[in-house]
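Peer 1: Below is the structure I would like to discuss, written out as structure tokens.
The values are calculated or read from the model by the stated rules, or taken from the named source; none is laboratory data. Quick caveat: nothing in here was measured; it's all calculated off a predicted structure. For accessibility, only protein heavy atoms count, side chains too; no ligands or nucleic acids. Shrake-Rupley method; radii C 1.70, N 1.55, O 1.52, S 1.80 Å.
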Amino acid sequence: MPQTRLILTQKGGPFELSVKRRVNLDGETVEYLAADSLQSYVTGLYRAAGLGVGYSSHSGRRAFASRPVAQGHSLDTVQLLLGHSHLDHVSPYLDVTSRELREAIAFFDDAFEV
């Protein structure tokens with residue numbers, strides 16, 4: 001599947017990726033790619049808009065991932081939108097509101113009413 005770039009540098013090219021390392025849940029060191037300059041750019045946009053603490057490239061990604069799910073789109077769709085290779089990498093980006101939790105519980109209350 002061809003990759004579509006949603007955001008390009010001012011010169012029209014893709015943002016460069018940096019190799020990063022982290023320790024996964026199994027205690028293994030893994031490498032991954034990160035677009036640090038893009039992250040910095042998005043953070044700068046939030047600051048320029050007057051948005052401070054709590055707004056970051058990751059909060060934007062969480063909103064970007066959570067809204068399609070709330071609208072009924074599949075996690076597979078969100079995985080493709082985020083560019084993740086594994087479905088289990090999507091869950092850290094999903095935010096569930098207290099309203100959504102109440103609606104889910106109400107659904108089960110209604111379904112089991114006799």
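Peer 1: If you count only protein heavy atoms and use a 1.4 Å probe, how large is the accessible surface of Y93, to the nearest 10 Å²?
Peer 2: Answer for Y93: close to 40 Å² accessible.
Peer 1: Per DSSP H run of at least 4 residues, take -39500 (n - 2.57); add these up for the chain, divide by its residues and hand me the 222 nm value, nearest 500 deg cm²/dmol.
Peer 2: Working: 4 runs with 49 residues, N = 114.
About -13500 deg cm²/dmol.
Peer 1: Between Q71 and N24, 0.36 nm times their residue separation minus their Cα-Cα distance comes to what?
Peer 2: Details: separation 47, 0.36 × 47 = 16.92 nm, distance 3.12 nm.
Separation in residues times 0.36 nm, less the Cα-Cα distance, equals 13.8 nm.
Peer 1: Here's another thing I want to ask about it. Please compute the length gained on full extension between E100 and L82, using 0.36 nm multiplied by the number of residues separating them and subtracting their Cα-Cα distance.
Peer 2: Values: separation 18, 0.36 × 18 = 6.48 nm, distance 2.19 nm.
Contour length minus Cα-Cα distance gives 4.3 nm.
Peer 1: Quick check for you: with a 1.4 Å probe and neighbouring chains kept, what is the accessible area per residue of the range 30-78, in Å²? Mind showing how you got there, number by number?
Peer 2: Values: 3160 Å² over 49 residues.
For the range 30-78, the solvent-accessible area averages 64 Å² per residue.
Peer 1: For the chain, what ratio Rg/Rh do Cα atoms give with a Kirkwood hydrodynamic radius?
Peer 2: Working: Rg = 17.8 Å, Rh = 16.9 Å.
Ratio of gyration radius to Kirkwood radius for the chain: 1.05.
Peer 1: To continue, here is another question. Quote the relative contact order of the range 2-114 in percent (integer), defining contacts as alpha-carbon pairs under 8 Å separated by 6+ residues. Mind showing how you got there, number by number?
Peer 2: Working: 81 pairs, mean separation 15.6, N = 113.
Over the range 2-114, the number comes to 14 percent.
Peer 1: Using a 1.4 Å probe and ignoring any ligands, DNA or RNA, find the accessible area of T43 and quote it in Å² to the nearest 10.
Peer 2: Roughly 40 Å² of T43 is accessible to a 1.4 Å probe.
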